[in-house]
Amino acid sequence: MVAAHLTALRSLLERVASGHEPRIKFECKHFFSGAAAYANGRIFMTLTSVGLALKVPPASQADLIGQGAKPLRYFPSGPIKRDYVIVPEPMVSDADALTPWITKSVLFSQTVPKARQARAVRGRHAR
């Protein structure tokens, strides 16, 4: 399933990212049980069993929710992932409708600081 998500996300990104500036480097990577798309090393879109999710600012979240999007939860009782919404299925299959939202997601991702990676400390245990 992970390989299928990765292939699908790469294909989607190829279809909609062709108009972006060359200074933005896109890549797709495995992401838990799915795939994630990155722009200049910053995550902006995921595809998992819960659907296609975009990282967008609050005003865009409200607009998308008005069009049928839902806040992102990876598990039914899990927390809502801040900044993300699950794109409604009809929009996912409509590249013309989806492209401007992906563009907003890419641009927003460039304004958010990169997540800090946890450092492994040898010989020390959490207390």
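Here are the numbers:
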| item | result |
| --- | --- |
| Mean residue ellipticity (222 nm) of the chain, computed from DSSP H runs ≥ 4 via -39,500 (n - 2.57), nearest 500 | -10000 deg cm²/dmol |
| Accessible area expressed per residue, the chain, with surrounding protein chains retained (probe 1.4 Å, Å²) | 65 |
| With every protein chain in place, the chain: carbon and sulfur % of accessible area (1.4 Å) | 56 |
| Options (1) 20.0; (2) 9.7; (3) 7.8 - which one matches mean projected area of the Cα convex hull in nm² as calculated here | (2) |
| Computed over the chain: relative contact order in percent, which uses C-alpha pairs under 8 Å that are six or more apart | 22 |
| R15-S77 FRET efficiency (beta carbon distance; Förster radius 35 Å; 0.05 resolution) | 0.55 |
| Extension gain, F32 back to V92 (0.36 nm per residue minus Cα-Cα distance, nm) | 19.5 nm |
| Shape call, segment 25-72: gyration tensor on alpha carbons, a/c limit 1.5 | oblate |
| Cα gyration tensor shape for segment 45-87, rounded if a/c is under 1.5, else prolate or oblate | prolate |
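The values are calculated or read from the model by the stated rules, or taken from the named source; none is laboratory data. These numbers come from a predicted model, not from an experiment. Please note: Cβ atoms are built from the backbone with ideal geometry, for glycine as well, and neighbour counts cover all protein chains shown. Protein only, heavy atoms only, side chains kept; ligands, DNA and RNA dropped before computing areas. Shrake-Rupley method; radii C 1.70, N 1.55, O 1.52, S 1.80 Å.
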